[in-house]
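The values are calculated or read from the model by the stated rules, or taken from the named source; none is laboratory data. Given the structure is predicted, the values throughout are model-derived calculations rather than measurements. All Cβ positions, glycine included, derive from the backbone under ideal geometry; neighbour counts span all protein chains shown. Accessible surface is based on the protein model in full, side chains and every heavy atom, while ligands, DNA and RNA are left aside. Shrake-Rupley method; radii C 1.70, N 1.55, O 1.52, S 1.80 Å.
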There are 4 protein chains.
Amino acid sequence: MTDSIIGRRNSMRKQFDQIVVGGGVIGCSIAYQLSKRGYHVLLIESGTIGNGASCAAAGMLGAQAEFSSDSVLFDFARESRALFPELARELKEASGIDIELVQKGMLKLAYTQEQLNQLKKMAKFQENAGETAILLTEKAVLLKERKLAPDFLAGLFLPDDGHVSAPMLTSAFARAAQNHHAVLLEHTQVNEIIEQENGLKGVKTGNGSFYCDKLVMATGKDMTNWLPDDMAITPVKGECVSIRPDQPLIGSTIFSDGCYLVPKQDGRIIIGATSFPGITDPVVRVKSVEYLLTRAKQILPAIAYAQMENFWTGIRPQTEDGFPYIGEIPGKQGLYVAAGHYRNGILLSPMTGIMMADLIEGKAAEKYTRSFAVDRAQQAII
Amino acid sequence: MTDSIIGRRNSMRKQFDQIVVGGGVIGCSIAYQLSKRGYHVLLIESGTIGNGASCAAAGMLGAQAEFSSDSVLFDFARESRALFPELARELKEASGIDIELVQKGMLKLAYTQEQLNQLKKMAKFQENAGETAILLTEKAVLLKERKLAPDFLAGLFLPDDGHVSAPMLTSAFARAAQNHHAVLLEHTQVNEIIEQENGLKGVKTGNGSFYCDKLVMATGKDMTNWLPDDMAITPVKGECVSIRPDQPLIGSTIFSDGCYLVPKQDGRIIIGATSFPGITDPVVRVKSVEYLLTRAKQILPAIAYAQMENFWTGIRPQTEDGFPYIGEIPGKQGLYVAAGHYRNGILLSPMTGIMMADLIEGKAAEKYTRSFAVDRAQQAII
Amino acid sequence: MTDSIIGRRNSMRKQFDQIVVGGGVIGCSIAYQLSKRGYHVLLIESGTIGNGASCAAAGMLGAQAEFSSDSVLFDFARESRALFPELARELKEASGIDIELVQKGMLKLAYTQEQLNQLKKMAKFQENAGETAILLTEKAVLLKERKLAPDFLAGLFLPDDGHVSAPMLTSAFARAAQNHHAVLLEHTQVNEIIEQENGLKGVKTGNGSFYCDKLVMATGKDMTNWLPDDMAITPVKGECVSIRPDQPLIGSTIFSDGCYLVPKQDGRIIIGATSFPGITDPVVRVKSVEYLLTRAKQILPAIAYAQMENFWTGIRPQTEDGFPYIGEIPGKQGLYVAAGHYRNGILLSPMTGIMMADLIEGKAAEKYTRSFAVDRAQQAII
Amino acid sequence: MTDSIIGRRNSMRKQFDQIVVGGGVIGCSIAYQLSKRGYHVLLIESGTIGNGASCAAAGMLGAQAEFSSDSVLFDFARESRALFPELARELKEASGIDIELVQKGMLKLAYTQEQLNQLKKMAKFQENAGETAILLTEKAVLLKERKLAPDFLAGLFLPDDGHVSAPMLTSAFARAAQNHHAVLLEHTQVNEIIEQENGLKGVKTGNGSFYCDKLVMATGKDMTNWLPDDMAITPVKGECVSIRPDQPLIGSTIFSDGCYLVPKQDGRIIIGATSFPGITDPVVRVKSVEYLLTRAKQILPAIAYAQMENFWTGIRPQTEDGFPYIGEIPGKQGLYVAAGHYRNGILLSPMTGIMMADLIEGKAAEKYTRSFAVDRAQQAII
């Protein structure tokens, strides 16, 4: 992130239509949608924009790959995925940044009879939902992806899933918001939420106080501090490795039990990801690197000769029922939350930005507002 | 080995044309060739026929795969390999046993540039020697053997190498010799060699003494006891594993750095072999099984789901220069040695049987007698 | 299993007090207890006695190691464990067979903070239940078991758990029952259950029909054929490997995430076990051997140099709630079931034998009859 | 390397007593010794000082660990090792840099009988040479290093070997030379060697020409360009990984078949090293990382939970007989070479600096000048 997107802090205005706290992909998408609609938006980030889980993500758009049964979130994910081609053009124009959208599909492999049964079930479910999901024999898979180790039984090809560059998407949202006159304030810690009797909101930060009509909290894993006690968000640590083969080894993203391989546009393959709920230390363990490399080599033997490039970790925020929180906090009018997107933050970011802007304008679809409401658990009991 | 090939011990004759000590594949081949020529032969084995290294062998006929530079042994190996098709028919008729000859070629894989250079050198050498050796690209190899992990650079296909069942070959030699009136004496320990002044030879055993004109020692790794001090034979321990896939995974024998996979006619794949010079304990180590399975899985990932079948070890006798000893012991007229065939005992057994019979009849080719002579080291110095 | 325990089939009696179908450890224990109480018992086994899961078991008596929360089964397991010392003496006298009871404790290792938390919880639970469970630092564990790879955080020592030889225990029960005049009929398939109007029971077999007052079905994984539809028993395939180190490497049984190592009295270490629900093919997969060896080597590196000895598989019958079925089948007076002991068949066999004998005599403890009742699921709903 | 050691290029002098080409540890040590003796020295480096193999080194001072038979190089290595304690003080004073000298010994482990025999031979040889080398049983080793996987047979402890920080040593030599008025010229490519008739030497570079009385070439793997044809230096690629455990795991440096672990003063452990002769691509392969981590985990299981830190590669220059070239090029008076130190550049750098200064002053020990002479191969033939 270069200096140019850091806001000028002196003599800056203090009053905004909305303040968005959290400069991950969710916060940036919301700031983008709101500023695009003509609002005066302030985006506050405690570190650097897009430096947390959003940057650590492999950038998968697995609207189908991640779901095997019907749910409101599945619909939300598919709607969000459908936005990407147009969004890529829009962001390129508004920010100059290419989000590196690749739509060459995902391929889930089955190595055992049990996994094959799951793939068949998934294929049936996807077809019924009107999506394309093609069950391929091992031979057919190998015609598409000839470098895979030929020891699996079958594959499920999801041609409409894909991936983007997670850091580029986050940057593009932020810079496009800025071009729509949003103010970006990095390295600024929010210490307290201000709630005035007249309904005015605001935040006290290390760089002074700022005021707004509507306040949106989108601080990912650090959300817990701002949420009511019964709205737990669990941090889930994930570790990734990236490698660079001498030549392209795979075309589509490969999913297999315990491991995925994403062939990025720049020639790298991202191998992910471990999953440790409740762990938040920011280091990559030796054991995890060894596990990811060993597993990936079993799937795609030729990576043995690829170049090691990097390894990193990200903390993904997960809610109890797996659905994100997108809504107003009960009893706190004008205070909104968007968090808990877990492994699907990149995929869900476009729709989350639009839905939050709709919520603020009082026109969000009831189907989603109810399912992603902050107090849905209490509602369900009644 | 059924009872029928065990000799009847009571009132058996004591005087033979030749006595062969050692019922491995070498001893059995010699007994077969001599009895086929009409001699009265006694074959003595301390345990059960074909129960040592001969039974442990994977049965490869790697006349080309085992050689990358010119030598007398290379010629001997190729002559021996050429005998197998006719021998298979002959032994089937004389013994009723099918030696399971398969001639689908061997495939050596190169994973690094260095290994590829070696394959190229080998291909050139074989061509110059008039043999077929075809260098294949990775794609061409995968058309032949589509279950291989596609992470190698190239392969060298040797269509004329193959394999037999090592236990079946040894049994067939023994039973065919018996059908030519050779006497087979199992579970009989030779305690002493008898040398009479009149040139008559013989052996004292736990089952009495036996006499002959010519005595052939073919006791493999136990040879050291009978050889002059300067004729060291090193025992080399090798461990193998066999597995049984649900369906055929490879057609040809696969050779790779540190591992080979032999697809036997009965559906098993033999994975071999470790190599520990000087070690003679008859157990298979955990480490070796893990090494062979891991290495084989890297080459042929689908074996992960194959059935474990067996594991075993064999002790291969190796001479210092890698050539076998086939000849008369200097200063001991009528006392012959055939030993030290190391990894190529099965391949070299037909020619060794013929050469020993020729030696005894005084008509062996000088080219071979000199190179395989017991005292060749001393000759070389002069 | 020697011939002596196979019943003489000619002119054998046709009418018994009880018939027990299934010659695994459960059936044999029941036959032993009933015959010891003076009944005329017939034990029918379709194959050879103790040749199924009972023989495949590692023989662990993990009354504590297997439980981390309170349940009736935990009480049952502890009562059963307490019977072993006296039972070992009794069976030695009645059958001449040593069941190789070893009571040197079990050691559960924690490698991560999460596992350590589980051990602490388990230790607390066990203490509250009046059992000994000692949490040891890594250093303290290494003083006891100095060959363990020193990479864990802590260990929980359960000094009162132990193990027996599973095949010896099964044989001892069978032979002791025989000495109490039970008749053992092997290689006899039960084709049909006979239910007469007068309440008399019986079975039609390939070797004729036999009759009894009470019929006990103890056929493990094959139980499903005999049970009402809503009483599912799932077969769970487990694979084991045994190795033989040159010297003892561990004293107590080692439990770790995904693997256990049992040091048997005869010097072997049994490494177990994979777990595949719903799989019943009787082969050991290459992948499983590799997994068990790799995991065991991580825990106990010195096994690298141990001798490979054997590998095998067993199918353990598991009920839905994890409790065994021990009771009368509702609506079928005189027809009893004992099955679904899953991984704890060896441990639970003594109490199961006693409880079944008590049930037949109408004096079993209500605490257990209710919890292990065949129709407990229906009861729970009401 | 900060700016301060980059020479000011404008109006700099053109004439020096000596020019040293190559800013690795060898070139820097030579520049230090010469400048310390009062000469005007120019050090030219094509990249940044200490950025090649010198920086990639683990910094081991294995004067004993690397030798198992007598040689002039063994003497040279021991003399060089003995210089380190005084050198550390001297460089600290002259440069302010701590070279992080640690002298806690090296420990070589034997896992097989063959390796144990080698250790015994080595121990005997070292004792005869007057060095301390203590053969320890497994138990004794584990008292010293209790985190090692207890699966080895014995260890050889060499208390006088140790290690330094390779980058710090190189920087310290360079900066100390600078403090003795040497001029350091980085990012300067030498295009041609100038040889005037009057014996004056010089170099044409991208930053102009420089002249001197004596020219020393110390360009490591790039030496081949400057050497006569028959003086081959083979580049040998080596890859390393560094990890950071939560707490110290080992005290001494651990050597084992195929892997070493060096516990650096800053808490890291360096795991090295692969060895690929003739390979010079500057990337770390996936296969190498996996190999090093797997092997290290077998030796020291607790590294599984350590933090991954970094990975890198270095190209070590190796001569045919393993001895470095230190001497004048025959027929080129005033032109010197110091190169080919292979894995021992750090260890040998102090003595190489001193010997080169002595050579230039005409007083180097004949024992070393003969053995390290550039044309020793030709001399040997005569």
Taking every other residue with Cβ under 13 Å from the Cβ of residue A:96 and scoring Lys and Arg +1, Asp and Glu -1, one gets 0
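Carbon and sulfur together cover what percent of the accessible area of the protein assembly as shown at a 1.4 Å probe radius? Display every interim value, and only then the final one.
Numbers: 29880 of 61180 Å².
Ligands and nucleic acids excluded, carbon and sulfur give 49 percent.
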Please report the net charge: other residues with Cβ closer than 14 Å to the Cβ of residue C:126, K and R +1, D and E -1.
-1
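Can you divide the C-alpha Rg of segment D:19-147 by 2.2 N^0.38 Å and report the result to two decimal places?
On the way: Rg = 18.6 Å, N = 129, 2.2 N^0.38 = 13.9 Å.
Normalised Rg, Cα atoms only: 1.33.
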Could you sort D:341, B:180 by accessible area so the largest value comes first, with the probe set to 1.4 Å?
B:180, D:341
Any chance you could check the Cα centroid distance between segment B:153-196 and segment C:262-308 for me, in angstrom?
36 Å
Report the accessible surface area buried between chains C and D, summing both sides, using a 1.4 Å probe on protein heavy atoms only, in Å² rounded to the nearest 100.
1300 Å²
Suppose the chain between residue D:179 and residue D:294 were pulled fully straight at 0.36 nm per residue; how much longer would it get relative to their current alpha carbon spacing?
36.9 nm
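Would you mind estimating how fast the protein assembly as shown diffuses translationally, via Stokes-Einstein at 10 °C and 1.306 mPa s with the Kirkwood radius over Cα pairs, in µm²/s?
After rounding, the answer is 41 µm²/s.
For a 26 Å ceiling on Cα separation, which of these pairs sit above it: C:221/C:332; B:237/D:121; A:108/B:139; A:120/D:287; D:104/D:124? Before the final figure, lay out the partial values.
Working: C:221/C:332 21 Å; B:237/D:121 24 Å; A:108/B:139 24 Å; A:120/D:287 35 Å; D:104/D:124 21 Å.
Pairs exceeding 26 Å: A:120/D:287.
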Enter the mean number of other protein chain beta carbons within 10 Å of the beta carbon of each residue in B:243-254, as an integer.
1
Please name whichever of A:333, A:194, A:35 sits farthest to the positive end of the charge dipole of chain A, dipole taken about the Cα centre and charges placed at Cβ: Lys and Arg +1, Asp and Glu -1.
A:35
If you project the alpha carbons of segment A:17-79 onto the principal axes, what extent comes out on each, in Å, largest first?
39, 27, 14
I want to verify a result. In a Gaussian network model of chain C, Cα cutoff 10 Å, which of these has the top mean-square fluctuation: C:279, C:326, C:315?
C:279
Give me the percent of DSSP beta bridges within the protein assembly as shown that run antiparallel, rounded to the nearest 5.
75 percent
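Taking every DSSP beta bridge with both residues inside chain B, roughly what % is antiparallel (nearest 5)?
Working: 52 of 71 bridges.
Counting DSSP beta bridges with both partners in chain B, the antiparallel share is about 75 percent.
Counting heavy atoms of the protein chains only and a 1.4 Å probe, report the per residue accessible area for segment D:226-382 as a whole number of Å². Intermediate results must be reported in sequence, preceding the final value.
Working: 5970 Å² over 157 residues.
Accessible surface, normalised per residue, equals 38 Å².
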Using a label position 7 Å from Cα in the Cα→Cβ direction, what is the ascending list of nm distances from residue D:234 to the same site in the other copies?
2.1, 5.5, 5.8
Please list, short to long, the whole-number percent of alpha-carbon pairs of segment A:92-221 in consecutive 5 angstrom bins beginning at zero.
2, 8, 12, 12, 11, 9, 9, 8, 8, 9, 7, 4, 1, 0
Rank B:338, B:129, B:176 by mean-square fluctuation in a GNM of chain B with C-alpha springs under 10 angstrom and give only the top-ranked residue.
B:129
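For segment B:155-257, what mean projected area does the convex hull of the alpha carbons give, in nm²? Don't jump to the answer; show the numbers that get you there.
Working: hull surface 47.5 nm².
Projected area, direction-averaged: 11.9 nm².
Nearest 20 debye, what's the magnitude of the dipole of segment B:258-345 about its Cα centre given +1 on Lys and Arg Cβ and -1 on Asp and Glu Cβ?
Details: 9 positive and 7 negative charges, 51 e Å.
So the dipole magnitude of segment B:258-345 works out to roughly 240 debye.
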Can you give me the solvent accessible area of residue C:368 with a 1.4 Å probe, rounded to the nearest 10 Å²?
10 Å²
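Taking all pairs of different Cα atoms in chain C, averaging 1/r and flipping that mean, what Kirkwood radius in angstroms comes out? Write out the running numbers ahead of the final one.
Numbers: mean 1/r = 0.0466 Å⁻¹.
So the Kirkwood estimate lands at 21.4 Å.
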Cα centroid distance between segment D:309-333 and segment C:87-143, in Å?
59 Å
Taking only DSSP H segments of four or more residues, each worth -39500 (n - 2.57), what value at 222 nm results for chain B once the sum is divided by all its residues, to the nearest 500 deg cm²/dmol?
-9500 deg cm²/dmol
Going Cα to Cα from residue D:14, which lysines come in below 19 Å? Please leave out same-chain ones fewer than 8 positions away.
D:201, D:204, D:214
Would you grab the residues whose amide H sits under 5 Å from the one on residue D:100? Only those 5+ places off in sequence or on another chain, please, with H modelled 1.01 Å from N.
D:165
Where Lys and Arg each count +1 and Asp and Glu each count -1, what net charge lies around residue B:161 among other residues with Cβ under 11 Å from its Cβ?
+1
Distances in nm between the label point of residue B:71 (7 Å along Cα→Cβ) and its equivalents in the other copies, shortest first, are 2.8, 6.5, 6.6
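Using Stokes-Einstein with the Kirkwood hydrodynamic radius over Cα pairs, what translational diffusion coefficient do you get for segment B:288-382 at 37 °C and a viscosity of 0.692 mPa s, in µm²/s rounded to a whole number?
On the way: Rh = 16.2 Å.
Answer from the Stokes-Einstein relation: 202 µm²/s.
Based on Cβ point charges of +1 for Lys and Arg and -1 for Asp and Glu, what charge dipole magnitude is obtained for the protein assembly as shown about its Cα centre, in debye rounded to the nearest 20? Mind showing how you got there, number by number?
Details: 156 positive and 168 negative charges, 2 e Å.
Charge dipole of the protein assembly as shown: 0 debye, to the nearest 20.
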With loop defined by DSSP as not H, G, I, E or B, and exposure as at most 16 other Cβ atoms within 10 Å, which is the longest segment of chain C clear of exposed GluC sites (Glu not before Pro)?
C:1-196
Could you put B:241, B:72 in order of accessible surface area, largest first, with the 1.4 Å probe and the full protein assembly present?
B:72, B:241
Output wanted: per-residue J couplings in Hz (rounded whole) for segment A:119-126, from phi through Karplus 6.51 cos²θ - 1.76 cosθ + 1.60, θ = phi - 60°, x for Gly and Pro.
4, 4, 4, 5, 4, 4, 4, 5
Just how much of residue B:257 is accessible, in Å², when a 1.4 Å probe is used and the result is rounded to the nearest 10?
100 Å²
Contact-by-burial set, segment C:126-154, min loss 40 Å², accessible area of protein heavy atoms with 1.4 Å probe, reference chain alone, gives C:146, C:147, C:150, C:151
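For segment A:239-300, what number results from the quotient of the Cα radius of gyration and 2.2 N^0.38 Å? Provide the component values of the computation, followed by the final result.
Details: Rg = 12.1 Å, N = 62, 2.2 N^0.38 = 10.6 Å.
It is 1.14.
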Calculate, for segment C:6-131, the solvent-accessible area per residue in square angstrom, rolling a 1.4 angstrom probe over the heavy atoms of the protein chains.
42 Å²
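About the Cα centre of segment A:1-115, how large is the charge dipole given +1 on each Lys and Arg Cβ and -1 on each Asp and Glu Cβ? Please answer in debye to the nearest 20. Show your work: numbers first, answer last.
On the way: 12 positive and 13 negative charges, 99 e Å.
So the magnitude is around 480 debye.
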